[in-house]
Amino acid sequence: MTTHDDTLALPLPPAPTLYHPTPQLAALRANRPVAEVTFPDGSTGWLVTRYADVRQVLIDPRFSRAAAAGSAASDTGIAIVATDSILGMDPPEHTRLRRLVAGAFTARRVEELRPKVTALVDALLTDIAARPRPVDLVEHFSLPLPVRVICELLGVPPEDQHIFHAWSDTIMSDAGGDPAEIRAAMGSLATYFGKLIADKRATPADDLMTALIAARDNADRLSEQELVNLCFGLLIAGHETTANQINMFLLTLLHFPEEYERLAKSPELVPQAVEELMRFVQLGEGAGLPRVTTEAVDLSGVTIPPGAVVVMSMAAANRDESVFADADRLDLTREITQHLGFGAGAHHCLGAQLARMELQEALKGLLRHLPGLHIAVPDTELRFKSGMIVRSLQSLPVTW
(Lines give C-alpha, C1' and ligand atoms only; values in the text may rest on other atoms or scores of the structure.)
Protein backbone atom coordinates (compact mmCIF):
# COMPACT_ATOMS: atom_id res chain seq x y z
CA MET A 1 0.00 0.00 0.00
CA THR A 2 1.52 3.32 -1.05
CA THR A 3 0.48 6.91 -1.29
CA HIS A 4 0.41 8.83 -4.55
CA ASP A 5 4.09 9.80 -4.27
CA ASP A 6 5.20 6.18 -3.59
CA THR A 7 5.68 6.81 0.10
CA LEU A 8 4.74 3.69 2.04
CA ALA A 9 1.87 3.87 4.51
CA LEU A 10 2.38 2.25 7.91
CA PRO A 11 1.36 -0.16 9.23
CA LEU A 12 2.16 -2.54 6.37
CA PRO A 13 -0.37 -5.23 5.44
CA PRO A 14 -0.32 -8.12 7.92
CA ALA A 15 1.51 -11.33 7.09
CA PRO A 16 -0.62 -14.20 5.75
CA THR A 17 1.06 -16.60 8.22
CA LEU A 18 2.16 -16.61 11.86
CA TYR A 19 5.57 -17.93 10.91
CA HIS A 20 7.00 -15.48 8.38
CA PRO A 21 6.89 -11.67 8.11
CA THR A 22 4.80 -9.94 5.50
CA PRO A 23 6.39 -10.48 2.04
CA GLN A 24 6.47 -6.72 1.53
CA LEU A 25 9.35 -6.51 4.03
CA ALA A 26 11.54 -8.81 1.93
CA ALA A 27 10.79 -6.75 -1.16
CA LEU A 28 11.69 -3.55 0.69
CA ARG A 29 14.91 -5.06 2.04
CA ALA A 30 15.96 -6.03 -1.50
CA ASN A 31 14.85 -2.92 -3.38
CA ARG A 32 14.12 -0.04 -0.98
CA PRO A 33 16.00 -0.81 2.25
CA VAL A 34 15.58 2.77 3.48
CA ALA A 35 12.05 3.75 2.50
CA GLU A 36 10.12 6.92 3.25
CA VAL A 37 6.88 6.16 5.11
CA THR A 38 3.81 7.90 6.41
CA PHE A 39 2.50 7.22 9.91
CA PRO A 40 -1.22 6.95 10.72
CA ASP A 41 -1.40 10.66 11.60
CA GLY A 42 -0.01 11.65 8.18
CA SER A 43 3.48 12.63 9.33
CA THR A 44 6.47 11.07 7.57
CA GLY A 45 9.60 9.17 8.51
CA TRP A 46 11.84 6.34 7.32
CA LEU A 47 11.61 2.55 7.58
CA VAL A 48 14.89 0.59 7.64
CA THR A 49 14.88 -3.13 6.80
CA ARG A 50 18.45 -4.39 6.13
CA TYR A 51 20.40 -5.96 8.97
CA ALA A 52 23.45 -3.66 8.65
CA ASP A 53 21.29 -0.54 8.54
CA VAL A 54 19.04 -1.60 11.42
CA ARG A 55 22.09 -2.38 13.53
CA GLN A 56 23.60 1.01 12.73
CA VAL A 57 20.42 2.78 13.81
CA LEU A 58 20.55 0.84 17.07
CA ILE A 59 24.21 1.59 17.89
CA ASP A 60 24.85 4.98 16.26
CA PRO A 61 24.38 7.90 18.73
CA ARG A 62 23.22 10.10 15.85
CA PHE A 63 19.92 8.19 16.09
CA SER A 64 18.41 9.50 19.33
CA ARG A 65 15.78 7.77 21.45
CA ALA A 66 15.24 10.83 23.64
CA ALA A 67 14.51 13.03 20.61
CA ALA A 68 11.85 10.57 19.44
CA ALA A 69 9.52 11.34 22.34
CA GLY A 70 6.27 12.76 21.02
CA SER A 71 6.82 11.62 17.43
CA ALA A 72 3.96 9.94 15.57
CA ALA A 73 5.86 6.66 15.70
CA SER A 74 5.83 6.92 19.50
CA ASP A 75 2.04 6.70 19.70
CA THR A 76 1.97 3.26 21.32
CA GLY A 77 1.66 2.25 24.95
CA ILE A 78 5.22 1.00 25.31
CA ALA A 79 6.56 4.12 23.56
CA ILE A 80 4.59 6.33 25.94
CA VAL A 81 6.16 4.43 28.84
CA ALA A 82 9.56 4.83 27.22
CA THR A 83 9.20 8.60 27.08
CA ASP A 84 9.57 8.86 30.86
CA SER A 85 11.89 5.91 31.45
CA ILE A 86 15.31 4.46 30.72
CA LEU A 87 13.95 3.24 27.36
CA GLY A 88 13.53 6.83 26.20
CA MET A 89 16.91 8.18 27.29
CA ASP A 90 20.23 8.75 25.56
CA PRO A 91 23.64 8.57 27.23
CA PRO A 92 24.82 9.83 29.66
CA GLU A 93 21.45 9.78 31.50
CA HIS A 94 20.70 6.32 30.12
CA THR A 95 24.14 5.05 31.15
CA ARG A 96 23.69 6.31 34.71
CA LEU A 97 20.40 4.48 35.22
CA ARG A 98 21.46 1.32 33.42
CA ARG A 99 24.51 0.93 35.65
CA LEU A 100 22.28 0.97 38.73
CA VAL A 101 20.33 -2.11 37.64
CA ALA A 102 22.77 -3.95 35.37
CA GLY A 103 24.29 -5.92 38.25
CA ALA A 104 21.02 -7.79 38.77
CA PHE A 105 21.11 -9.13 35.21
CA THR A 106 24.71 -10.30 34.76
CA ALA A 107 25.32 -13.81 33.46
CA ARG A 108 26.59 -14.86 36.91
CA ARG A 109 23.52 -13.54 38.77
CA VAL A 110 21.19 -15.11 36.22
CA GLU A 111 22.88 -18.49 36.57
CA GLU A 112 22.40 -18.24 40.33
CA LEU A 113 18.67 -17.89 39.64
CA ARG A 114 18.51 -20.87 37.26
CA PRO A 115 17.82 -23.57 39.92
CA LYS A 116 14.86 -21.55 41.23
CA VAL A 117 13.50 -21.10 37.72
CA THR A 118 13.94 -24.81 36.96
CA ALA A 119 12.05 -25.67 40.14
CA LEU A 120 9.25 -23.24 39.23
CA VAL A 121 9.02 -24.71 35.71
CA ASP A 122 8.77 -28.20 37.19
CA ALA A 123 6.08 -27.15 39.66
CA LEU A 124 3.95 -25.40 37.02
CA LEU A 125 4.21 -28.29 34.56
CA THR A 126 3.54 -30.92 37.24
CA ASP A 127 0.34 -29.03 38.00
CA ILE A 128 -0.54 -28.90 34.30
CA ALA A 129 0.04 -32.64 33.87
CA ALA A 130 -2.54 -33.34 36.58
CA ARG A 131 -5.25 -31.15 35.01
CA PRO A 132 -7.99 -32.29 32.62
CA ARG A 133 -6.99 -31.80 29.00
CA PRO A 134 -6.79 -29.55 27.11
CA VAL A 135 -4.97 -27.10 29.35
CA ASP A 136 -4.48 -23.38 28.68
CA LEU A 137 -0.71 -22.95 28.55
CA VAL A 138 -0.99 -19.15 28.78
CA GLU A 139 -2.91 -19.21 32.05
CA HIS A 140 -1.00 -22.03 33.71
CA PHE A 141 2.57 -21.72 32.41
CA SER A 142 3.81 -19.15 29.90
CA LEU A 143 2.40 -16.14 31.78
CA PRO A 144 2.92 -17.11 35.45
CA LEU A 145 6.52 -18.24 34.86
CA PRO A 146 8.06 -14.86 33.85
CA VAL A 147 5.69 -12.91 36.13
CA ARG A 148 6.85 -14.85 39.18
CA VAL A 149 10.53 -14.60 38.19
CA ILE A 150 10.59 -10.83 37.67
CA CYS A 151 8.40 -10.21 40.72
CA GLU A 152 10.73 -12.26 42.91
CA LEU A 153 13.74 -10.39 41.50
CA LEU A 154 12.12 -7.02 42.19
CA GLY A 155 10.64 -8.05 45.53
CA VAL A 156 6.94 -7.84 44.63
CA PRO A 157 4.96 -9.89 47.19
CA PRO A 158 3.57 -13.16 45.79
CA GLU A 159 0.02 -12.21 46.79
CA ASP A 160 0.19 -9.13 44.52
CA GLN A 161 1.57 -10.81 41.42
CA HIS A 162 -1.83 -11.46 39.84
CA ILE A 163 -2.83 -7.79 39.60
CA PHE A 164 -0.37 -6.55 37.00
CA HIS A 165 -1.41 -8.17 33.78
CA ALA A 166 -4.46 -6.04 32.95
CA TRP A 167 -2.37 -2.90 33.42
CA SER A 168 0.41 -4.41 31.32
CA ASP A 169 -1.98 -5.36 28.49
CA THR A 170 -3.16 -1.74 28.31
CA ILE A 171 0.37 -0.35 28.38
CA MET A 172 1.55 -2.77 25.66
CA SER A 173 -1.17 -1.65 23.25
CA ASP A 174 -0.40 -0.52 19.71
CA ALA A 175 -1.02 2.84 18.05
CA GLY A 176 -4.77 2.20 18.24
CA GLY A 177 -4.74 2.20 22.02
CA ASP A 178 -6.43 5.01 23.93
CA PRO A 179 -3.64 7.25 25.32
CA ALA A 180 -5.88 8.18 28.27
CA GLU A 181 -6.34 4.50 29.18
CA ILE A 182 -2.61 3.89 28.76
CA ARG A 183 -1.72 6.75 31.08
CA ALA A 184 -4.37 5.63 33.58
CA ALA A 185 -2.82 2.15 33.67
CA MET A 186 0.62 3.71 34.08
CA GLY A 187 -0.74 5.83 36.93
CA SER A 188 -2.20 2.77 38.68
CA LEU A 189 1.07 0.91 38.35
CA ALA A 190 3.06 3.91 39.58
CA THR A 191 0.73 4.29 42.58
CA TYR A 192 1.20 0.63 43.44
CA PHE A 193 4.99 0.90 43.23
CA GLY A 194 4.97 4.10 45.24
CA LYS A 195 3.27 2.23 48.10
CA LEU A 196 5.56 -0.79 47.75
CA ILE A 197 8.64 1.47 47.78
CA ALA A 198 7.40 3.01 51.03
CA ASP A 199 6.96 -0.48 52.50
CA LYS A 200 10.48 -1.49 51.40
CA ARG A 201 11.93 1.65 52.96
CA ALA A 202 10.34 0.66 56.26
CA THR A 203 11.30 -3.01 55.94
CA PRO A 204 14.28 -3.53 53.56
CA ALA A 205 14.74 -6.90 51.89
CA ASP A 206 17.31 -8.71 49.74
CA ASP A 207 15.87 -7.72 46.36
CA LEU A 208 16.45 -5.34 43.47
CA MET A 209 13.85 -2.80 44.59
CA THR A 210 15.54 -2.41 47.98
CA ALA A 211 18.89 -1.92 46.23
CA LEU A 212 17.39 0.78 44.01
CA ILE A 213 15.86 2.50 47.05
CA ALA A 214 19.31 2.55 48.63
CA ALA A 215 20.71 4.17 45.48
CA ARG A 216 17.96 6.76 45.71
CA ASP A 217 18.15 7.48 49.45
CA ASN A 218 21.80 6.99 50.32
CA ALA A 219 23.69 8.09 47.23
CA ASP A 220 21.08 10.34 45.58
CA ARG A 221 21.68 8.64 42.23
CA LEU A 222 17.97 8.38 41.42
CA SER A 223 15.07 10.76 41.62
CA GLU A 224 11.90 9.40 43.18
CA GLN A 225 10.17 9.40 39.78
CA GLU A 226 13.10 7.60 38.16
CA LEU A 227 12.89 4.97 40.88
CA VAL A 228 9.20 4.35 40.24
CA ASN A 229 9.65 4.36 36.45
CA LEU A 230 12.53 1.89 36.66
CA CYS A 231 10.47 -0.51 38.75
CA PHE A 232 7.40 -0.65 36.55
CA GLY A 233 9.48 -0.58 33.36
CA LEU A 234 11.40 -3.63 34.58
CA LEU A 235 8.18 -5.39 35.54
CA ILE A 236 6.51 -4.90 32.16
CA ALA A 237 9.60 -5.58 30.07
CA GLY A 238 10.47 -8.51 32.33
CA HIS A 239 7.39 -10.61 31.71
CA GLU A 240 5.22 -9.58 28.75
CA THR A 241 7.62 -10.34 25.91
CA THR A 242 8.97 -13.51 27.52
CA ALA A 243 5.46 -14.92 27.97
CA ASN A 244 4.68 -14.23 24.31
CA GLN A 245 7.98 -15.78 23.22
CA ILE A 246 7.23 -19.01 25.08
CA ASN A 247 3.89 -19.25 23.27
CA MET A 248 5.22 -18.40 19.83
CA PHE A 249 8.33 -20.56 20.24
CA LEU A 250 6.11 -23.55 20.93
CA LEU A 251 3.70 -22.76 18.08
CA THR A 252 6.64 -22.37 15.69
CA LEU A 253 8.35 -25.59 16.78
CA LEU A 254 5.13 -27.56 16.35
CA HIS A 255 4.63 -25.99 12.91
CA PHE A 256 8.04 -27.39 11.92
CA PRO A 257 7.76 -30.90 13.40
CA GLU A 258 11.15 -32.07 12.11
CA GLU A 259 12.86 -29.38 14.16
CA TYR A 260 10.69 -30.10 17.19
CA GLU A 261 11.57 -33.79 16.96
CA ARG A 262 15.25 -32.89 16.64
CA LEU A 263 15.04 -30.85 19.83
CA ALA A 264 13.15 -33.60 21.66
CA LYS A 265 15.88 -36.10 20.76
CA SER A 266 18.76 -33.68 21.49
CA PRO A 267 17.74 -31.33 24.35
CA GLU A 268 21.36 -30.18 24.59
CA LEU A 269 20.49 -28.08 21.52
CA VAL A 270 18.11 -25.92 23.57
CA PRO A 271 20.50 -22.95 24.15
CA GLN A 272 21.26 -22.47 20.46
CA ALA A 273 17.65 -23.31 19.57
CA VAL A 274 16.57 -20.34 21.69
CA GLU A 275 18.90 -18.07 19.69
CA GLU A 276 17.56 -19.35 16.37
CA LEU A 277 13.97 -19.00 17.57
CA MET A 278 14.73 -15.44 18.73
CA ARG A 279 15.83 -14.70 15.18
CA PHE A 280 13.05 -16.55 13.42
CA VAL A 281 9.86 -16.14 15.45
CA GLN A 282 7.49 -13.34 14.54
CA LEU A 283 6.27 -11.56 17.67
CA GLY A 284 4.59 -8.89 15.57
CA GLU A 285 4.66 -6.78 12.43
CA GLY A 286 5.33 -3.51 14.23
CA ALA A 287 8.62 -1.63 14.17
CA GLY A 288 10.85 -1.16 17.17
CA LEU A 289 10.95 1.99 19.28
CA PRO A 290 11.67 4.94 16.96
CA ARG A 291 14.76 7.13 16.78
CA VAL A 292 15.22 10.67 15.49
CA THR A 293 18.34 11.74 13.62
CA THR A 294 20.42 14.48 15.24
CA GLU A 295 22.25 15.15 11.97
CA ALA A 296 22.14 13.91 8.38
CA VAL A 297 23.05 10.20 8.11
CA ASP A 298 23.62 8.01 5.05
CA LEU A 299 22.15 4.50 5.05
CA SER A 300 22.34 2.25 1.98
CA GLY A 301 22.92 5.25 -0.27
CA VAL A 302 19.99 7.24 1.13
CA THR A 303 20.61 10.46 3.04
CA ILE A 304 18.24 10.78 5.97
CA PRO A 305 17.99 14.44 7.01
CA PRO A 306 18.41 15.72 10.57
CA GLY A 307 15.25 15.62 12.69
CA ALA A 308 13.78 12.65 10.81
CA VAL A 309 11.89 9.85 12.55
CA VAL A 310 13.43 6.45 11.81
CA VAL A 311 11.78 3.10 12.57
CA MET A 312 13.31 -0.34 12.11
CA SER A 313 11.94 -3.74 11.20
CA MET A 314 13.71 -6.33 13.36
CA ALA A 315 11.72 -9.03 11.56
CA ALA A 316 13.17 -7.98 8.20
CA ALA A 317 16.70 -7.58 9.60
CA ASN A 318 16.64 -11.04 11.17
CA ARG A 319 15.68 -12.57 7.80
CA ASP A 320 18.48 -10.80 5.87
CA GLU A 321 20.10 -13.38 3.56
CA SER A 322 23.39 -11.47 3.54
CA VAL A 323 23.78 -12.37 7.23
CA PHE A 324 21.73 -15.54 7.68
CA ALA A 325 21.99 -18.13 4.91
CA ASP A 326 18.62 -19.59 3.92
CA ALA A 327 17.13 -17.09 6.35
CA ASP A 328 13.49 -18.16 5.92
CA ARG A 329 14.32 -21.69 7.13
CA LEU A 330 14.14 -22.59 10.81
CA ASP A 331 17.35 -24.46 11.63
CA LEU A 332 17.94 -25.23 15.30
CA THR A 333 21.53 -26.27 14.57
CA ARG A 334 22.36 -22.88 13.08
CA GLU A 335 25.35 -21.26 14.79
CA ILE A 336 24.00 -17.82 15.55
CA THR A 337 24.94 -15.04 17.89
CA GLN A 338 24.26 -11.86 15.94
CA HIS A 339 20.47 -11.77 15.70
CA LEU A 340 18.76 -8.52 16.74
CA GLY A 341 16.04 -10.10 18.85
CA PHE A 342 17.42 -8.29 21.91
CA GLY A 343 18.43 -5.15 20.04
CA ALA A 344 21.98 -3.79 20.07
CA GLY A 345 24.00 -0.87 21.37
CA ALA A 346 23.16 1.18 24.43
CA HIS A 347 19.56 -0.09 24.46
CA HIS A 348 20.44 -3.77 24.09
CA CYS A 349 17.86 -5.56 26.25
CA LEU A 350 18.92 -5.22 29.87
CA GLY A 351 17.28 -8.53 30.77
CA ALA A 352 18.54 -10.52 27.78
CA GLN A 353 20.43 -13.03 29.93
CA LEU A 354 17.40 -13.53 32.18
CA ALA A 355 15.07 -13.98 29.20
CA ARG A 356 17.45 -16.48 27.59
CA MET A 357 17.62 -18.53 30.74
CA GLU A 358 13.82 -18.53 31.26
CA LEU A 359 13.21 -19.52 27.64
CA GLN A 360 15.78 -22.32 27.86
CA GLU A 361 14.26 -23.71 31.05
CA ALA A 362 10.72 -23.38 29.67
CA LEU A 363 11.59 -25.41 26.56
CA LYS A 364 13.52 -28.02 28.55
CA GLY A 365 10.60 -28.35 30.95
CA LEU A 366 8.01 -28.76 28.19
CA LEU A 367 10.12 -31.46 26.55
CA ARG A 368 10.71 -33.18 29.89
CA HIS A 369 7.19 -33.09 31.32
CA LEU A 370 4.86 -33.15 28.32
CA PRO A 371 6.18 -35.52 25.61
CA GLY A 372 3.82 -35.65 22.68
CA LEU A 373 2.63 -32.08 23.37
CA HIS A 374 0.51 -30.54 20.63
CA ILE A 375 -1.88 -27.63 20.21
CA ALA A 376 -5.49 -28.66 20.73
CA VAL A 377 -6.92 -26.32 18.05
CA PRO A 378 -5.84 -25.36 14.51
CA ASP A 379 -4.06 -22.07 13.91
CA THR A 380 -7.25 -20.58 12.50
CA GLU A 381 -8.94 -20.94 15.91
CA LEU A 382 -6.18 -19.27 17.91
CA ARG A 383 -7.30 -15.97 19.38
CA PHE A 384 -4.90 -13.09 19.85
CA LYS A 385 -5.42 -10.01 21.98
CA SER A 386 -6.43 -7.09 19.79
CA GLY A 387 -4.49 -3.86 19.65
CA MET A 388 -1.22 -5.22 21.05
CA ILE A 389 2.19 -4.10 19.83
CA VAL A 390 3.38 -7.71 20.00
CA ARG A 391 1.49 -10.84 19.02
CA SER A 392 -0.13 -11.89 22.28
CA LEU A 393 -2.29 -15.00 22.63
CA GLN A 394 -5.44 -14.90 24.74
CA SER A 395 -5.03 -18.61 25.38
CA LEU A 396 -3.12 -21.60 24.02
CA PRO A 397 -4.98 -24.88 24.60
CA VAL A 398 -2.60 -27.86 24.59
CA THR A 399 -2.84 -31.59 25.08
CA TRP A 400 -0.37 -34.49 24.91
Exercise for review: Please work out which residue is surrounded by the fewest Cβ atoms within 10 Å (Cβ to Cβ), limiting yourself to the stretch 32-76 and to residues that are modelled with pLDDT of 95 or more and in a loop (DSSP other than H, G, I, E, B).
Suggested key: PRO61
Review point. Give me the pairs: first residue in the stretch 217-231 and under 18 Å from ARG183 (Cβ atoms) and in a helix (DSSP H, G or I), second residue among the hydroxyl-bearing types (Ser, Thr, Tyr) and open to solvent by less than 40 Å² (accessible area, probe 1.4 Å), beta-carbon distance under 6 Å, and six or more apart or on different chains, which are they?
Key: ASN229/SER85
Practice item. Please go through the stretch 194-209 and pick out each residue that is out of contact with any Ser or Thr (no Cβ under 9 Å at 6 or more places or on another chain) and either in contact (Cβ under 8 Å) with a residue 24 or more places away in the chain or among the acidic types (Asp, Glu) (or both). Key: GLY194, LEU196, ILE197, ASP199, ALA205, ASP206, ASP207, LEU208, MET209
Check your understanding: Of these, ALA362, ALA376, which one is of a type in the set (Gly, Ala, Ser), open to solvent by less than 10 Å² (accessible area, probe 1.4 Å) and in contact (Cβ under 8 Å) with a residue 60 or more places away in the chain?
Key -> ALA362
Review point. Among all residue pairs at least 6 apart or on different chains, which show Cβ distances below 9 Å where the first residue, located in the stretch 157-171, is touching a residue at least 40 places away in the same chain (Cβ under 8 Å) and the second is open to solvent by less than 40 Å² (accessible area, probe 1.4 Å) and among the aromatic types (Phe, Trp, Tyr)?
Key: PHE164/TYR192; PHE164/PHE232; ILE171/PHE232
Check your understanding: Going through the stretch 305-347 one residue at a time, which ones are touching a strand residue (DSSP E or B) at 6+ places or on another chain (Cβ under 9 Å) and in a loop (DSSP other than H, G, I, E, B)?
Key -> PRO305, PRO306, GLY307, ALA308, SER313, LEU340
Review point. From the residues in the stretch 102-155 that are acidic (Asp, Glu) and assigned to a helix (DSSP H, G or I), which one is farthest from the chain's Cα centre (by Cα)?
Key: ASP127
Point to revise | Single condition HIS347 does not satisfy, out of (1) surrounded by fewer than 22 Cβ atoms within 10 Å (Cβ to Cβ); (2) touching a residue at least 12 places away in the same chain (Cβ under 8 Å); (3) not polar (S, T, N, Q) | key: (1)
Check your understanding: Could you list, in sequence order, the residues of the stretch 113-137 that are surrounded by 15 or more Cβ atoms within 10 Å (Cβ to Cβ) and either within 18 Å of CYS151 (Cα to Cα) or in contact with a His (Cβ under 7 Å, 6 or more places away or on another chain) (or both)?
Key -> LEU113, VAL117, THR118, LEU120, VAL121, LEU124, LEU125, ILE128
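Conditions tested, residue by residue: (1) β-branched (Val, Ile, Thr); (2) farther than 20 Å from PRO21 by Cα; (3) buried (at least 19 other Cβ atoms within 10 Å of the Cβ); (4) in contact with a Cys (Cβ under 9 Å, 6 or more places away or on another chain).
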site: GLU240; (1), (2), (3), (4): no, yes, yes, no
site: LEU277; (1), (2), (3), (4): no, no, yes, no
site: VAL281; (1), (2), (3), (4): yes, no, yes, no
site: GLY288; (1), (2), (3), (4): no, no, yes, no
Exercise for review: Within the stretch 348-397, work out how many residues are of a type in the set (A, V, I, L, M, F, W, C) and in a loop (DSSP other than H, G, I, E, B).
Suggested key: 10
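The values are calculated or read from the model by the stated rules, or taken from the named source; none is laboratory data. As the structure is a prediction and not an experimental result, all values here were calculated from the model. No Cβ is skipped: glycine too gets one built from the backbone with ideal geometry, and neighbour counts run over all protein chains shown. Accessible surface areas use protein heavy atoms only, side chains included; no ligands, DNA or RNA. Shrake-Rupley method; radii C 1.70, N 1.55, O 1.52, S 1.80 Å.
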